[in-house]
Amino acid sequence: MFWFVHALVLSLVMVGPATAVAAIGTSFKSVERTLLAGVGMFVFWTFMNWWVLYVMTPIVGFTSTSFYQSYGLYFLELIVTAIVLGMASYNDEKDFVSVGTVINALVLVCLVVFGLFWGTGGRIWTSGRAHTLRDLVSVKFEKPGAYPDTDPNHILMVSEQMADFKASTVLASNTQRNVGTYFKLGSGVLQSVDHHLYWLYLLKPNSWRQAGKFHGHSIGYVVVDAEDPDVPARLKLGYEMRFFPGGFYDHSIGRHLYKNGYAGAKVTDITLEVDDSWRPYFTAASDRLTLNFKRMVPGAMLLIDPQTGAIKKYSLHDIPSWVDRVYSAGTVKQMLNWWGEWAQAKHSFWNESSGNRYKVNRDPVLVYTKEGHPVWQAIMTSWNHSNAAAYLALFDARDNSARLYQVQNLTLENTAEQTILGSGNNVKRLEPVHLSLHKIYGQLTWVAPLLAPGGSASDSVHTGAFQGLALMRADDPNGNNVVFATNKDDALSNYLQKLAAGDRNVANPEQNSNIKVVQGVVERVGLPIVQNGQTVISFILTGDPNHEYQEALTADSSPDLKYITAGAKVRFTFVDVGSSGPERTVSNFDDLSLHLGK
């Protein structure tokens, strides 16, 4: 009943004054017709607003924030109402519309002007207001080469397209409680659970009738391993989530928020997240106004327990450590664009020059580094040179801080895709997806999972299968340093060899590098074997029986390797690719025993 009364009052406020004004200055017959049209519009908008409020997300409250959210609905209702009343108030005898309808039309013109100059599409009036938007993001310029290293144990191998397919497959094949019959998948969410990457998919009822068989609840979610394409997707059931996005009626999480202290608040980016024990929660941003009717930004973080309904509000400086994100990709893109427009160039209301202004090239992607929490990664280009990278940005997904790096000759996403596709005949038949930049072996590198054809951008589920991983040096538009492999370990090992062949300095250890320096005594030397036409020497160190070190004899190999014997004191480097296997590929081998004998 509350929602209907709310809709009744809203419709009366919208239609009543417009009807009264439209009836001014016309004949009795036209007034009669105008009032009848006004009553009809009042009834129509009452039921329409009730449907919006009750069936969809409640969006009407008595705050400036709620007006920001719903002014588009008011504006649409005013336009339709004015047109209908204008037609009804037409005076057949005197061949003119009423004075009141003219007044309504002038009000609408003022609203349009308001929207263009002060609303979402309007310009910023002053430099001070422009700088207010600019300063919403806290930017720090980093030194060259300071880009954080990627943990090779946690590189994304399963793209969202492939994860969608795997999640749909496990849902369709599962017969437990006929899950696939009653539920469908929500959108995939990438996150780190106990330092491992996963895609999570909420189970949402197929329809309100199907939802009734489970009391309107969601009973769980689907988990897809994002680091290993060979791990099957699995269902996590046994939960009774009473409130969630897409829930029907009182099970809508938006309605739950509205009824529990957030009426009129703008809550965005409601995201399924699980803690390290796999208990599901929903995180969301409670947004605050910026300027005019511009995009809002997070002012606080909400944590909603979908099973109990408990809502906790956290400041942006006091977020639980397991929560991955508060800022959405769209918000990050807008905030970086505001900074790019006014950080290094003056504001102008009428016509801003394109010099020293920057914009985000593509939608940001979520990446994980050794530092732990995820960051939004985005390339910014100049307004003047949209085909060249100006900055590489890492925007913290939990607060408003952004780090900017200037990388010489950094290739853009579309260039990297074209280079990967053009670097091998077999790759031309594959599709690089979810391109992201990582620092691997001290080199900024494009990483792209490769899918077989079988879907398109318009498909709801991509049916292509995982075919491998492509690694490409980010400053190499010619594809001279592109490698492909069907698994991560081979890709990383091949990539190191490719880099070392082109630049001997790549093998020099760095403070945060994955390249490890080892010194020890050889306990046992294996028999030489031939692999791929090359002779491979292997050996085991004293005190390290679980790892076999090996290197192929090539023109670039150390001559000391040919004379390696048990008991020799050696020093070499190897690449820690995060593999659990015993083999480790050696480079920069040095037999210190031979040096001592010289």
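Of Lys359/Lys498; Lys204/Lys266; Lys236/Lys312; Lys294/Lys359; Lys140/Lys294, which pairs sit farther than 27 Å apart, going by alpha carbon to alpha carbon?
The answer is Lys359/Lys498.
Take the stretch 305-420, drop everything but the C-alpha atoms, weight them equally and run the Debye formula without solvent; then report log10 I(q)/I(0) at 0.11, 0.15 Å⁻¹ to two decimals.
-0.46, -0.75
Give the long-range amide H neighbours of Lys184: residues separated by 5 or more places, or on another chain, with amide H under 5 Å away, using H modelled in the peptide plane at 1.01 Å from N.
Result for Lys184 returns Lys204, Asn206.
Under 15 Å from a label point 7 Å along Cα→Cβ of His131: give me every residue in the stretch 265-303 with its amide N that close.
Correct set: none at all.
Over the Cα atoms of the stretch 261-321, Rg to Rh with Kirkwood Rh, two decimal places?
My calculation of the ratio gives 1.01.
For a quick check: with amide H placed at 1.01 Å from N, whose amide H comes under 5 Å from Asn480's, ignoring anything fewer than 5 positions away on the same chain?
HN-HN under 5 Å from Asn480: empty list.
Suppose each label sits 7 Å from its Cα in the direction of the beta carbon; what would the Gln418-Ala465 distance come out to in nanometres?
3.2 nm
Pairs of alpha-carbon atoms within less than 8 angstrom and 6+ residues apart define the contacts here; what relative contact order does the stretch 115-260 have, in percent?
Here the relative contact order equals 17 percent.
List the aspartates and glutamates whose Cα sits under 19 Å from the Cα of Lys259, skipping any in the same chain fewer than 8 residues away.
Asp250, Asp269, Asp287, Asp305
Just the accessible area per residue of the stretch 278-351, please: how many Å² with a 1.4 Å probe?
39 Å²
Carbon-plus-sulfur fraction of the accessible area of the stretch 334-435, 1.4 Å probe, in percent?
41 percent
Gain in length, Ser348 to Leu291, computed as 0.36 nm per residue apart minus the alpha-carbon separation, to one decimal in nm?
18.9 nm
With a Förster radius of 41 Å, plug the Cβ-Cβ distance of Asn356 and Val112 into 1/(1 + (r/R0)^6) and report the FRET value to the nearest 0.05.
Efficiency at R0 = 41 Å is approximately 0.80.
So who's got an amide H within less than 5 Å of the one on Gly247, skipping anything under 5 residues away but keeping other chains? H placed 1.01 Å off N, in plane.
Here the answer is Ile253, since their amide H atoms fall under 5 Å of that of Gly247.
Just tell me which lysines come within less than 18 Å, Cα to Cα, of Lys569; anything on the same chain fewer than 8 places away is out.
Answer for Lys569, where 18 Å is the Cα cut-off: Lys516, Lys598, listed by chain and number.
To one decimal place, what orientation-averaged projected area in nm² is obtained for the convex hull of the Cα set of the stretch 345-397?
In nm², the orientation-averaged hull projection of the stretch 345-397 is 4.6.
Could you bin all the Cα-Cα distances of the stretch 302-342 into 10 Å bins starting at 0 and give me the percent of pairs in each, rounded to whole numbers?
23, 37, 29, 10, 2
If you average 1/r over every pair of different alpha-carbon atoms in the stretch 227-266 and take one over that average, what Kirkwood value in Å do you get?
For the stretch 227-266, the Kirkwood estimate is 12.6 Å.
If packing is taken as the average count of other Cβ atoms within 10 Å, what order do 7-16, 204-213 fall into, highest mean first?
Most protected by this proxy first, the peptides run 7-16, 204-213.
In nm, to one decimal, how far is the Leu592 label point from the Thr554 one, both placed 7 Å along Cα→Cβ?
Placing both labels 7 Å along Cα→Cβ, they lie 2.7 nm apart.
Relative contact order for the stretch 203-252: what percent, with Cα pairs under 8 Å and sequence separation of 6 or more?
Worked out over the stretch 203-252, it gives 36 percent.
Counting only other residues whose beta carbon sits under 13 Å from that of Thr268, what net charge do I get with K and R as +1, D and E as -1?
+2
The values are calculated or read from the model by the stated rules, or taken from the named source; none is laboratory data. Since this is a predicted model, take the numbers as computed values, not measurements. Methodologically, a virtual Cβ is constructed for each residue, glycine included, from the backbone with ideal geometry; neighbour enumeration extends over all protein chains shown. Surface accessibility is based on the protein's heavy atoms, side chains included, excluding ligands, DNA and RNA. Shrake-Rupley method; radii C 1.70, N 1.55, O 1.52, S 1.80 Å.
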